[in-house]
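To keep things clear, I will list the structure first and then write my remarks on it.
The values are calculated or read from the model by the stated rules, or taken from the named source; none is laboratory data. Treat the numbers as computed from the prediction; the structure is a model and nothing was measured. Quick reminder, even Gly has a Cβ in these numbers, built from the backbone with ideal geometry, and neighbours come from all protein chains shown.
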Amino acid sequence: MIASTVQPITTRPAGPISPPEEVMAPAAYWLSDEERNWAPTAYLLEGDRLTWGPLWRFRAFPVAPRTYLHELRRLDLTDGKQLLDFCNQFGALGIHSDSETSMHLDGVRFAAALLRTLTSIYHLHETGRFEHESIQSWHWDSEWVAPPDDTVAGHEFFTYEMNRLLDGVTPMVGFGNHRQPPYTLLDVLVIQLFNDIAGGVTYKTCASETCRELFVNQINRNAKRRSRSDGTRYCSPRCARAQAQRNYRLRTNGHRTGRDLTT
Ligand SMILES: [Zn+2]
């Protein structure tokens, strides 16, 4: 519930906007066979840099729903391999238009941390908890992005950063060969967050004691069983299985306590 003193978030337009079906990011291409077909290759990690090229062109990556919430929040930003896998699945995140053959992983980390911070602010606001104490106790990516710890400055931070990111996805026109910049992964992720804000979506918190992450629909759920996903307490079948095993071990330890029964 939103506390009565908290201003509701408003958006323009008032409802969701259509995200593009794919994002573009640079990728290295190989001449794959004797017929001289060019095929894209995966990003590589060289030290702390994501690399492609030297021969590269834009490659299309399909867009998955709620990547900003479900996949992005579960990344360990200190784990270069996880960041590499994420970029190979969804596209290079936070890339600058002047990056020619590589980018530092800090670019990925900063973009991820900013989106995660904005999502957390939205969540705290929607649950009426965006206040000094929650801001101080919430788990932030504070090495990369730290919102101000008072409510008014926090709201200003939220609107300034959201609107700065949304600047990249406003409609535009051009003549003839004028090249429109393609949608980047960051553009699409901010559209996804915008759409959930505009739709007033509220998040659930995973009931797994080692996860506690936010989610809307269960991740990686078998499509046939998707209709049963309403009301689930776990963000993924993996979290549900892991917690069931923990509960089972607690029960079979021979020390049934009141606390065990509530986990
Ligand atoms: Zn979970």
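Among the listed residues Tyr183, Tyr122, Tyr203, identify the single one that is among the hydroxyl-bearing types (Ser, Thr, Tyr), touching a residue at least 12 places away in the same chain (Cβ under 8 Å) and within 16 Å of the ligand (Cβ to nearest atom). Step through it out loud before you land on a result.
Details: Tyr183 fails: within 16 Å of the ligand (Cβ to nearest atom); Tyr122 fails: within 16 Å of the ligand (Cβ to nearest atom).
Being among the hydroxyl-bearing types (Ser, Thr, Tyr), touching a residue at least 12 places away in the same chain (Cβ under 8 Å) and within 16 Å of the ligand (Cβ to nearest atom) holds for just one of Tyr183, Tyr122, Tyr203, which is Tyr203.
Give the residues of region 45-62 that are exposed (fewer than 11 other Cβ atoms within 10 Å of the Cβ), within 18 Å of Phe86 (Cα to Cα), out of contact with any Asp or Glu (no Cβ under 7 Å at 6 or more places or on another chain) and touching a residue at least 40 places away in the same chain (Cβ under 8 Å), sorted by residue number. Give the derivation first.
Going through region 45-62, the residues exposed (fewer than 11 other Cβ atoms within 10 Å of the Cβ) turn out to be 46-47, 54, 62.
Next, only the ones that are within 18 Å of Phe86 (Cα to Cα) stay: 46-47, 62.
Adding the requirement that they be out of contact with any Asp or Glu (no Cβ under 7 Å at 6 or more places or on another chain) leaves 46-47.
Residue satisfying the conditions is Glu46 alone.
Out of Leu50, Leu77, Leu45, I need the residue that is part of a loop (DSSP other than H, G, I, E, B), in the same structural domain as Leu189 (by TED's automatic domain parsing) and closer than 21 Å to Ser102 by Cβ. Which one?
Within the list Leu50, Leu77, Leu45, the selection yields Leu77.
Output yes when any residue across region 92-113 is part of a helix (DSSP H, G or I), surrounded by 17 or more Cβ atoms within 10 Å (Cβ to Cβ) and touching a Pro at 6+ places or on another chain (Cβ under 8 Å), and no when none is. Write out each step before concluding.
Here is the first cut: in region 92-113, the residues part of a helix (DSSP H, G or I) are 105-113.
After this cut, where a residue has to be surrounded by 17 or more Cβ atoms within 10 Å (Cβ to Cβ) as well, the list is 105, 107-113.
Next, only the ones that are touching a Pro at 6+ places or on another chain (Cβ under 8 Å) stay: none.
No, region 92-113 contains no residue that is part of a helix (DSSP H, G or I), surrounded by 17 or more Cβ atoms within 10 Å (Cβ to Cβ) and touching a Pro at 6+ places or on another chain (Cβ under 8 Å).
Select from region 206-239 the residues that are at pLDDT below 85, within 16 Å of the ligand (Cβ to nearest atom) and aliphatic (A, V, I, L, M) and list them in ascending order.
Step one: of region 206-239, the residues at pLDDT below 85 are 219-231.
From what's left, within 16 Å of the ligand (Cβ to nearest atom): 219-221, 229, 231.
If the condition is that a residue be at pLDDT below 85, within 16 Å of the ligand (Cβ to nearest atom) and aliphatic (A, V, I, L, M), then Ile219 is the only one that fits.
Just one of the numbered conditions (1) surrounded by 14 or more Cβ atoms within 10 Å (Cβ to Cβ); (2) closer than 26 Å to Asn220 by Cβ; (3) of a type in the set (Lys, Arg) is not true of Arg129; which one?
Of the numbered conditions (1) surrounded by 14 or more Cβ atoms within 10 Å (Cβ to Cβ); (2) closer than 26 Å to Asn220 by Cβ; (3) of a type in the set (Lys, Arg), the odd one out for Arg129 is (2).
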